[in-house]
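Okay, so here's the structure we're looking at.
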Amino acid sequence: MFLVIKKYSYQILLFIILAVHALGLNCDIFNGDSALYASIAKNMAQSGDWLILNSIMQENWIDKPHLAFWIWAVFIKIFGNTSFSFKLPSFIALLILLRYLFLFTKKFYGDITAWTAVLILSSSLHIMIATNDVRIDIFLISFMMAAIYHLQKYWEDIRIYQMLIGIFFSALAVMTKGIYVLIPIGLSFIIPFISEKNYRKMVYYHWLLALVLLLIGISPALYALKIQFDHFDNSLILGQKASNFLQFFFWDSQFGRFHSNLGQVQSHGDPSFYLHTLLWAFAPWSFFIFLAFFIKKNPLKEYISITCLAVMLVVISISKTQLSHHSLILLPFLSMIAAVIFRATFWRWQGRLSIAFIFLIFFSILIASLYLTYILFGALVPSKIVIALIPAVILTLWSYYHVVQRVFILFIAIAIYTGLYLNLLFYPEILKYQSGRNASNFVSKLDNTESVEEFYVNISLLNFYSSVPIRNTKIHNMEALLNKKNQLLVTNDYGLDFLKMSKVNYIILEEFLDYRTTVLKMSFINKKTRESTCDKHYLIRINPY
């Protein structure tokens, strides 16, 4: 009976965490990579061309395989060009990821540890962010965990259908972001093969079949890339000449990042980057990893999680192209390890000193959020802070009825408060400063608007949300543009200067502040200095000569 109650408690906690994730589904899309991906997917859905990836600013856009854009385009086709339609696939991918993390962890450690791993992963900070600021990596790790689980099931009893399912998900993972995902998938099979030394299980023709099926599985992405390369023959891709679609897919777009040779992405690489990134990306559960130092006996019953974590950490750390969302591939393995460590040591951390330490963390986060709210809004917003606090307070009180899980539930409370604060207060406020979204709202109220031209600005959000066609104006097209009657143009200060020098007759309909909300600085967060950090974009109407 006690076990049933505990399982029921885990389900309640997971429901609350998923509800926090769901709050972000209707938030505006972030002005960065997410906006670019949404714009490309919308172009695909509306044009009916499922093979050519086009953005407004770069017609020949190739940086990722096509699968994620096909998924987004299908949802946009069904639900329209809304924030919900673009973000819903990420939420569904999260559910798939949690399901397979649960199944894989349960296979080695049982139900309770599996539930612990699922709650840790779903409430970790970067997963909370990734389902809101949509990243392709959420698809990647979902397909990866599904492939790893089914290949493990195949290894157990050599049932060919399990291998077929595993290869299917492996192909989806490769078509999402490239072949490097085969590293953890391959390790997950090689490790038990080496440790068990049961060579009779290595049915060679199964793996020849698997290789053939994998190549067939990724063929849609290869075909789409070939069509795009043929369509834009001899043009530059990400600022450089790519030799052919096969080299681009299997090398340039993946292992080329180790040399930072992708044209648009240049960095030197920092071997310690992901170590300190994980401290906040895996928050508040980063603390659990330090518990490993108090374990005398290794609690791990398998070496897949720790090996995949270590190898992938090395792989992404030696890359010269380092971005925080690349750490997402580590979080499923890290969540499993943290769950195992906690289950092995939780009895050490239920004392008054531990509880006091957690309350000190919670109190510090609360004070920091109050200060952040004050500088963000220029005043406190007590109503929304109270709303964000209510679930955390309830969970805190509830934790006293679960003595053996008290520390764990208190950490969940911290994670839920952080997620609610982001989705209820922080994101809605900063997302107001995205000119593309605001311009689309303004344009929708105008009558007889045939199209909007972008001049010297890249506003992917305007392209996504706008109900009228958006085009990118080049200088050599200005003559034709200036002869159009009542043409709308979105531009910046540089574009206005060009129009003035060209003695163009125009009127400014509206002025918008714009900031890239995925690259936050304190000068932008601070309401007193925010406007000075924003760019200015203008919606103007051009009168003909």
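Of the residues 393, 443, 407, 386, only one is in contact with a strand residue (DSSP E or B) (Cβ under 7 Å, 6 or more places away or on another chain) and either among the β-branched types (Val, Ile, Thr) or under 21 Å from residue 24 (Cα atoms) (or both); which? Give the steps one after another, and end with the answer.
Numbers: 393 fails: in contact with a strand residue (DSSP E or B) (Cβ under 7 Å, 6 or more places away or on another chain); 407 fails: in contact with a strand residue (DSSP E or B) (Cβ under 7 Å, 6 or more places away or on another chain); 386 fails: in contact with a strand residue (DSSP E or B) (Cβ under 7 Å, 6 or more places away or on another chain).
When all the criteria are applied, what remains is 443.
Is it the case, given these coordinates, that residue 411 is surrounded by 21 or more Cβ atoms within 10 Å (Cβ to Cβ) and either under 30 Å from residue 344 (Cα atoms) or modelled with pLDDT under 85 (or both)?
On the way: surrounded by 21 or more Cβ atoms within 10 Å (Cβ to Cβ): yes; either under 30 Å from residue 344 (Cα atoms) or modelled with pLDDT under 85 (or both): yes.
Yes: the conditions hold for residue 411.
I need a count of the residues in segment 325-375 that are open to solvent by 30 Å² or more (accessible area, probe 1.4 Å), within 28 Å of the chain's Cα centre (by Cα) and not hydrophobic (A, V, I, L, M, F, W, C).
Qualifying residue count, segment 325-375: 2.
Please determine, by comparing only the residues of segment 278-292 that are surrounded by fewer than 19 Cβ atoms within 10 Å (Cβ to Cβ) and of a type in the set (Gly, Ala, Ser), which one is nearest to residue 329 (Cα to Cα).
Here is the first cut: in segment 278-292, the ones surrounded by fewer than 19 Cβ atoms within 10 Å (Cβ to Cβ) are 279-280, 286-287, 289-292.
Imposing the further condition that a residue be of a type in the set (Gly, Ala, Ser) reduces the set to 286, 292.
Details: 286: 16, 292: 21 Å.
Per the criteria, the residue is 286.
As an exercise: evaluate residue 139 against (1) open to solvent by 10 Å² or more (accessible area, probe 1.4 Å); (2) touching a residue at least 12 places away in the same chain (Cβ under 8 Å); (3) aromatic (Phe, Trp, Tyr) and give the number of the one condition it does not meet.
It is condition (1) that residue 139 fails.
So which residues in segment 146-194 are at positive phi and surrounded by fewer than 20 Cβ atoms within 10 Å (Cβ to Cβ)?
Residue satisfying the conditions is 158 alone.
Any idea which of (1) of a type in the set (Ser, Thr, Tyr); (2) in contact with a Leu (Cβ under 9 Å, 6 or more places away or on another chain); (3) modelled with pLDDT of 85 or more is the one residue 502 doesn't satisfy?
Evaluating residue 502 over (1) of a type in the set (Ser, Thr, Tyr); (2) in contact with a Leu (Cβ under 9 Å, 6 or more places away or on another chain); (3) modelled with pLDDT of 85 or more leaves (3) as the failure.
For residue 112, indicate whether it is of a type outside the set (Lys, Arg) and modelled with pLDDT under 95. Before the answer, list the steps.
Values: of a type outside the set (Lys, Arg): yes; modelled with pLDDT under 95: yes.
Yes: the conditions hold for residue 112.
Search segment 311-329 for residues that are closer than 12 Å to residue 273 by Cβ and pair each with any residue that is surrounded by fewer than 17 Cβ atoms within 10 Å (Cβ to Cβ) and of a type in the set (Phe, Trp, Tyr) when their beta-carbon atoms are under 6 Å apart and the residues are at least 6 apart or on different chains.
Final answer for the pair search is 319/258.
Looking at segment 344-391 only, could you name the residues that are in contact with a Leu (Cβ under 8 Å, 6 or more places away or on another chain) and free of Cβ contacts under 8 Å to residues at least 40 places away in the same chain?
370, 374, 380, 387, 388, 389
Within segment 46-95, how many residues turn out to be open to solvent by 40 Å² or more (accessible area, probe 1.4 Å) and polar (S, T, N, Q)?
Selection size over segment 46-95: 6.
Which condition breaks for residue 378 when tested against (1) in contact with a Lys or Arg (Cβ under 8 Å, 6 or more places away or on another chain); (2) crowded, with 18+ Cβ neighbours inside 10 Å?
For residue 378, the exception is condition (2).
When you scan segment 123-163, how many residues do you find that are over 19 Å from residue 279 (Cβ atoms) and in a helix (DSSP H, G or I)?
24
Only one of (1) crowded, with 21+ Cβ neighbours inside 10 Å; (2) over 17 Å from the mean Cα position of the chain (by Cα); (3) within 26 Å of residue 345 (Cα to Cα) fails for residue 103. Which number is that?
The number of the failed condition is (1).
The values are calculated or read from the model by the stated rules, or taken from the named source; none is laboratory data. Since this is a predicted model, take the numbers as computed values, not measurements. Cβ: placed from backbone, ideal geometry, glycine included. Neighbour counts: every protein chain shown. Areas reflect the complete protein model, heavy atoms only, side chains present, ligands, DNA and RNA absent. Shrake-Rupley method; radii C 1.70, N 1.55, O 1.52, S 1.80 Å.
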